[in-house]
Amino acid sequence: MQRDVEGIRDCAADRARIRKAPENFLGAEEIAAVRSGRRDFLRGALLAAAAAVGGGRAAAAESASQGEDVILKPQPWSTSLGQPVAATPYGMPSKYENTLLRRQSPGLTQVAAASVSFMPLQGMFGIITPSGLHFERHHQGWQDIDPSRHRFMINGSSPEFIRKPKVYTMDDLMRFPSVSRMHFIECGANTGMEWGNVAVPTVQYTHGMLSCSEYTGVPLRTLLEDCGADFKKAKFVLAEGADGSSMTRTIPIELVLSGEVLVAYGQNGEMLRPENGYPLRLVVPGVQGVSWVKWLRRVKLGDMPWATKDEAVHYIDLMPDGQHRQYTSIQEAKSVITSPSGGQMLLDKGFYNVTGLAWSGRGKIKRVDVSFDGGVNWVEANLQGPVLSKCLTRFNAPWNWDGKPAILQSRAMDETGFVQPTYGQLREARGRRSIYHNNAIQSWKVVESGDVSNVQVL
Ligand SMILES: Nc1nc2c(c(=O)[nH]1)N[C@H]1C(S)=C(S)[C@@H](COP(=O)(O)O)O[C@H]1N2
Ligand SMILES: [Mo]
């Protein structure tokens, strides 16, 4: 798979044919350069001609002549001493992998520390998000908290809910039996800008408030039992963060009793990153990101939802009848084709592996269909294992592009039988003035030049 402009030159012999999405709004210039064959972008007129006429043979000829050099002559890396072990005690990506980064959307106002960075889905593989590329959403910036000074308290809004309120140190928590589980986290506002038909250019900005990790921690249920919680009386818990945002969210006790809610300290085999809540965060599988309270300092038991600012003023859905819907926490089934996707460019007709991600807050993904004609005809995609509950699932579908305009879509179905809606169906139920919980089918338009862009199909 072709992943950047330089890569076209270096890897053309692999017959990879997708140019990577421009990572910012300089894309048009790069594309113009591809077409005019400017030599600082692409070597020689041959490939430029190939791109212009969409012919594969010229590109193949170019790659063969390049291939001779790198395959027949000894390269510096085979004739010199390599770097020693532990030259980088904490390993970093290759210096050539310098464009796949978290980015802030140019379509959003940047409010100092209260902001969002998006995960670069368009160039990622499999289902796990490397921790350094995990999206970020902070309401008051992130902190790097000294774990020896971090405390986690469990109490009740009245003594009837809990017999032994406790304060734990990180050392205390890490002595409990732990579990590790893979789950996605999606901000309820992911894909939010598309409600108003504002088409942001790339999948990073349409769907990048999404990540997936293996989390390690203690089921909250275990800790509540340790404190003598009365599960007959307590109906809800309130989770509270230690940062300056006063982030508090109500979580129904049934979710906690299922054992799925974790008080987590581990992410992808190491401690959480500071941006993701180090040293402790709540993991609430299937539920929108805001409930995954970071820098978790307290869980309080009660018998009524608290209606705090982040559940009474924010994170509510404005319905067509003018009413606000509250506590819509579950992330319904959703999917998106990550490549080819907006901003990328198909360099040639022929075979493509269309790939993407599907997920559901209600369980496992059962099936994903893919359309190449804007939803008229559908074929079933291949689900790539493992297919886990409340976790990202990778899908792939083979496609032979005939060089004609096409509209690529994916449609997920989860194990409850829920089918991802079209924009028409979503707007019928929800109107068009929402911010949160947009799980409509995403469409990518491919034109004859090979350019891929974001369009909405009802
Ligand atoms: N304490 C605290 N927890 C928080 C937030 C925050 O600002 N403060 N942001 C929430 C929101 S809105 C989301 S979407 C997720 C984002 O998690 P991430 O930054 O690890 O991706 O954290 C949630 N937990
Ligand atoms: Mo969020």
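When both segment 339-371 and segment 236-253 are represented by their alpha-carbon centers, they are found 35 Å apart. Please report the base-10 log of the normalised intensity I(q)/I(0) for segment 264-423, using a Debye sum with one equal scatterer per alpha carbon and no solvent, at each q in 0.14, 0.20 (1/Å). After summing over all Cα pairs, the log10 values are -0.90, -1.23.
Taking a probe of 1.4 Å, how large is the accessible area per residue of segment 247-353, in Å²?
Numbers: 3270 Å² over 107 residues.
Value for segment 247-353: 31 Å² per residue.
The listed residues ARG394, ARG149, once ranked by accessible area (1.4 Å probe) with the largest placed first, stand as ARG149, ARG394. Projection of the Cα convex hull of segment 223-284, averaged over all directions and equal to a quarter of that hull's surface, yields 4.9 nm². Potential lengthening of the chain between ASN396 and SER148 amounts to 84.7 nm, from the contour at 0.36 nm per residue minus the alpha-carbon distance.
Rounded, prolate or oblate: which one fits segment 390-458, using the alpha carbon gyration tensor with axes a ≥ b ≥ c (rounded when a/c is under 1.5, else prolate when a/b beats b/c, else oblate)?
oblate
By a 1.4 Å probe calculation restricted to protein chains, TYR278 has an accessible surface near 40 Å², given to the nearest 10.
Over the Cα atoms of segment 334-455, the radius of gyration divided by the Kirkwood radius equals 0.98; this is the Rg/Rh ratio.
Taking all protein chains together, ASP144, ASP348 sort by accessible area into ASP144, ASP348, largest first [probe 1.4 Å]. When nucleic acids and ligands are ignored and a 1.4 Å probe is applied, SER78 ends up with an accessible area of around 80 Å². In straight Cα distance, which lysines are under 16 Å from LYS166, not counting same-chain residues fewer than 8 positions off? Leaving aside lysines fewer than 8 places away in the same chain, those within reach of LYS166 are LYS300. With all protein chains in place and ligands, DNA and RNA left out, the 1.4 Å accessible area ranks SER291, SER449 as SER449, SER291, largest first. For segment 156-215, carbon and sulfur atoms together expose 52% of the accessible surface, with a 1.4 angstrom probe and every protein chain in place. Surface composition of segment 249-366: carbon plus sulfur atoms contribute 53% of the solvent-accessible area (1.4 Å probe, protein chains only, all chains present). Looking at the square roots a ≥ b ≥ c of the eigenvalues of the Cα gyration tensor of segment 131-325, which shape do they give, rounded for a/c under 1.5, prolate if a/b is larger than b/c, or oblate? Oblate, since a/c reaches 1.5 and b/c is not below a/b. Of the trypsin sites (Lys or Arg not before Pro) in segment 278-357, not one is in a loop by DSSP (not H, G, I, E or B) with at most 10 other beta carbons within 10 Å. Over segment 116-207, accessible surface divided per residue gives 44 Å², non-protein components excluded, 1.4 Å probe.
The values are calculated or read from the model by the stated rules, or taken from the named source; none is laboratory data. Owing to the predicted nature of the structure, the values given are computational and were not obtained by experimental measurement. As a convention, Cβ positions derive from the backbone with ideal geometry for all residues, glycine included, and neighbour counts pool all protein chains shown. Just the protein is used for accessible areas: all its heavy atoms, side chains included, with ligands, DNA and RNA removed. Shrake-Rupley method; radii C 1.70, N 1.55, O 1.52, S 1.80 Å.
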